[in-house]
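Visitor: Before I ask anything, here is the structure I am working with.
The values are calculated or read from the model by the stated rules, or taken from the named source; none is laboratory data. It should be emphasised that the depicted structure is a prediction, and the values quoted were computed from it without experimental measurement. Glycine also receives a Cβ, built like all others from the backbone with ideal geometry; neighbour counts cover every protein chain displayed. For the accessible areas, the whole protein counts, side chains as well, though only heavy atoms, and no ligand, DNA or RNA atoms are used. Shrake-Rupley method; radii C 1.70, N 1.55, O 1.52, S 1.80 Å.
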Amino acid sequence: MKVSYPVKLLAFLFLLSLIVSCNNEESQKSPNILLISIDDLNNWIEPMGGHPQAQTPELLSFSESAVTFQNSYCASPSCNPSRTAMFTGKHTYITGLYNNPQVWRDIVGDELSMPQYFREHGYWAAGAGKIYHGNMPDERSWDEYFPDKIKHMPDYYLPARDSLTGDTLFVKQDNEIREDDPKGITFNMPWFEGMYVAFDWSPLPFSVEETGDYSSANWVIEQLGKKHDKPFFLACGLYRPHVPWYVPGEFYDKFPIESIQLPEVYNEDWEDLPETARLTANGRYHEKVTEAGQWEAAVQGYLSSINYADYLAGLVLDALEKSEYADNTIVVIFSDHGWQLGEKRHWRKFALWENVLNTVLMVKVPTGLKSMEKEAATGAICNANVSLLDVFPTLTALCGLAPKEDFSGKSLVPLLQNPELSTNRAVLSTLGHNHFSVIRDKWHYILYNDTEEELYNLENDPEEWYNLAAGTEYQDIKDTLRSFIPLERAELVQTRPVRWEDVLSGKIKF
């Protein structure tokens, strides 16, 4: 029987619709990815046990269905190089992105970013808040971004004082921190004159819903409630506990100032440190804080900010669990580096000691992934040394995608399946372009300018109070660890500073 042309056409269209439908169905079987970044978060959280007073119930609950990497380390203990390394999959000494003022795209060029890679493999990529460093936009990475593809950071309350009365003010504006204001507002802290202007802490007289981080979390929650015709790569960047520790008063109320427990400090700690290490520690922060009687208040502010970030992370995780994507989404929660609050008389990051390099890294893998030979563990602690550089290759492996070329990290899939696996791995971190850290098993080696050394036994000396580098007893250990430090390193190239006004006016383009 002869078949007419319209019938052939209808049959062809029907067959085409079946193919498209199958392709869409197969696409939706690809796992989604949810990243939650918590800025400047150290190992004080409950799953890692770093501070006895930390209250992080949401992260603790999440850990029961995830693998927590107790010994995860950043590529560098500052925001820009750590995040750039993680999101390009290339170490700092390869790309040359060593410090915060560098514009990361100027340095790495056309290097594929993590969200960009997943976009090119059929994913819808979106994010909110601080994922890359500050307002350093990269439109090629994202389909959508909150608040904007150019301005990544929502408005926050900044530390401020009335210049006449000294009273605390709460000024909500964009993230361009100024030294002074014609309205009589100063951004210099009265007890920390000459210090970093955002180095402050205070309860906010506002609700959670009025804060910048809430707006980021809420936007991500809204995306989880929508129907997506592609698998998604969704990133939520929480700014706290980055300074200033300004969070609503309800979080401060949980940590009474009179009961705050301070970090342990060894008074003779600096006696065996090389000169560069002492300059790195920069004890003037500790002197200012203690002389002003602010140490307890600072720890209170940090604990409060951790609790606030934990609450917001919980809102996002709860929204995922209530969504249609709960059973097909890989969740990664991480911090870009640790933070010290007086340990070794050091404050902030920008140092190569263990509790500055140690980061939060927790991974939850849904069941039934085709890429997994066996299911991932749940509720497990992994003590193997790993790096944030491992996140990118891990996600490509979990999603069944070909890895990007020349990853600096390694897939964590074997450790997700068997968290007790022994790896004997050395993890390398850098500070700037000429200071290096190597952590392997119980040993931590630090090399400054290829000349000055520190060596610690983390098993016997977890606070790193006793530098063993001076004697000859451990020369073989030092030589072995030093062999992991690369001899070929990208040069340090400074780039133009980034100002929000310059981006808006078109003076800076990305």
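Visitor: Pull out the extension gain between T451 and D106, defined as 0.36 nm times the separation in residues minus the alpha carbon to alpha carbon distance; nm, one decimal. Before the final figure, lay out the partial values.
Guide: Numbers: separation 345, 0.36 × 345 = 124.20 nm, distance 3.07 nm.
Between T451 and D106, full extension yields 121.1 nm more.
Visitor: Same structure, new question: Using the alpha carbons of the chain, what is the convex hull volume per residue in cubic angstrom, as a whole number?
Guide: On the way: hull volume 89.9 nm³, N = 510.
Roughly 176 Å³ of hull volume per residue.
Visitor: Under the 0.36 nm per residue contour assumption, what length would be gained going from the current alpha-carbon distance of V171 and S61 to full extension?
Guide: Numbers: separation 110, 0.36 × 110 = 39.60 nm, distance 3.46 nm.
Going from the current span to full extension adds 36.1 nm.
Visitor: Just grab the label-to-label distance for E275 and F484, each label 7 Å out from Cα along the Cβ direction, in nm (one decimal).
Guide: Computed distance between label sites E275 and F484 equals 2.9 nm.
Visitor: Additional query: Which entries in the list K288/K349; K322/K410; K29/K90; K29/K230 go over 21 Å, if you measure between the two C-alpha atoms of each?
Guide: Details: K288/K349 17 Å; K322/K410 32 Å; K29/K90 29 Å; K29/K230 10 Å.
In this structure, K322/K410; K29/K90 exceed 21 Å between Cα atoms.
Visitor: In whole percent, what relative contact order does the chain give with Cα contacts below 8 Å and a gap of six or more residues?
Guide: Numbers: 1047 pairs, mean separation 120.2, N = 510.
Value for the chain: 24 percent.
Visitor: How much length would be gained if the chain were fully extended between S259 and E321, taking 0.36 nm per residue of separation minus their Cα-Cα distance, in nm to one decimal? Walk me through the intermediate numbers first.
Guide: Numbers: separation 62, 0.36 × 62 = 22.32 nm, distance 3.57 nm.
Extra length available between S259 and E321 comes to 18.7 nm.
Visitor: Here's a follow-up. Counting heavy atoms of the protein chains only and a 1.4 Å probe, report the per residue accessible area for region 362-502 as a whole number of Å². Write out the running numbers ahead of the final one.
Guide: Numbers: 6950 Å² over 141 residues.
Here the residues of region 362-502 average 49 Å² of exposed surface.
Visitor: Which cross-chain or sequence-distant (5 or more) residues have an amide H under 5 Å from the amide H of G89, H modelled 1.01 Å from N in plane?
Guide: none
Visitor: Once phi is turned into ³J(HN,Hα) by the Karplus curve 6.51 cos²θ - 1.76 cosθ + 1.60 with θ = phi - 60°, what whole-Hz value does each residue of region 447-455 show in order, with x for glycine and proline?
Guide: 10, 9, 6, 6, 10, 8, 10, 9, 9
Visitor: Turning to a different aspect of this structure: Compute the Cα gyration tensor for region 207-333, then decide on rounded, prolate or oblate, letting a ≥ b ≥ c be the square roots of its eigenvalues: rounded whenever a/c is under 1.5, prolate when a/b is larger than b/c in the other cases, and oblate in all that remain.
Guide: On the way: a/c = 3.23, a/b = 2.03, b/c = 1.59.
Because a/c hits 1.5 or more and a/b exceeds b/c, region 207-333 counts as prolate.
Visitor: Calculate, for region 25-117, the solvent-accessible area per residue in square angstrom, rolling a 1.4 angstrom probe over the heavy atoms of the protein chains. Walk me through the numbers before you get to the answer.
Guide: On the way: 2310 Å² over 93 residues.
Each residue of region 25-117 exposes 25 Å² on average to a 1.4 Å probe.
Visitor: Compute, for T95, the solvent-accessible surface of its heavy atoms (probe 1.4 Å) with the complete set of protein chains present, and express it in square angstrom to the nearest 10.
Guide: 30 Å²
Visitor: Cα to Cα, under 17 Å, and not fewer than 8 places away if on the same chain: which aspartates and glutamates meet these conditions relative to K370?
Guide: Those aspartates and glutamates meeting the cut-off are E25, E26, D327.
Visitor: Next up: Mind jotting down the distance between the C-alpha centroids of region 400-433 and region 231-298, whole Å?
Guide: If you average the Cα positions of each part, the centres end up 29 Å apart.
Visitor: Between I381 and L164, what FRET efficiency follows from the Cβ-Cβ distance if R0 is 56 Å, with the result rounded to 0.05? Before the final figure, lay out the partial values.
Guide: Numbers: r = 53 Å, r/R0 = 0.95.
Plugging the Cβ-Cβ distance into 1/(1 + (r/R0)^6) gives 0.60.
Visitor: Now for a separate question. Tell me, what ³J(HN,Hα) does each residue in region 35-43 have, in order and in whole Hz, if you take phi through Karplus 6.51 cos²θ - 1.76 cosθ + 1.60 with θ = phi - 60° and put x for Gly and Pro?
Guide: Along region 35-43, the couplings run 9, 10, 9, 10, 6, 6, 8, 8, 8 Hz.
Visitor: Please report, as a whole percent, how much of the solvent-accessible surface of region 25-149 comes from carbon and sulfur atoms (probe radius 1.4 Å). Don't jump to the answer; show the numbers that get you there.
Guide: On the way: 1440 of 3370 Å².
On region 25-149, the fraction of accessible area on carbon and sulfur atoms equals 43 percent.
Visitor: Please list the helices of the chain that count as membrane-span-like by this rule: a mean Kyte-Doolittle hydropathy of at least 0.0 together with Cα atoms stretching 15 Å or more along the helix axis, each helix being a complete DSSP H run. Show your work: numbers first, answer last.
Guide: On the way: long enough: 5-29 (36 Å, 0.60); 212-224 (19 Å, -0.30); 295-322 (41 Å, 0.31).
Those that clear 15 Å and a mean of 0.0 are 5-29, 295-322.
Visitor: Considering only protein heavy atoms and a 1.4 Å probe, what is the carbon-and-sulfur percentage of the accessible area of region 254-407?
Guide: Numbers: 2570 of 5720 Å².
That fraction is 45 percent.
Visitor: Accessible area, 1.4 Å probe, largest first: how do S82, S61 sort? Present the calculation step by step, with values, prior to reporting the outcome.
Guide: Working: S82 0, S61 65 Å².
These residues rank, largest area first, as S61, S82.
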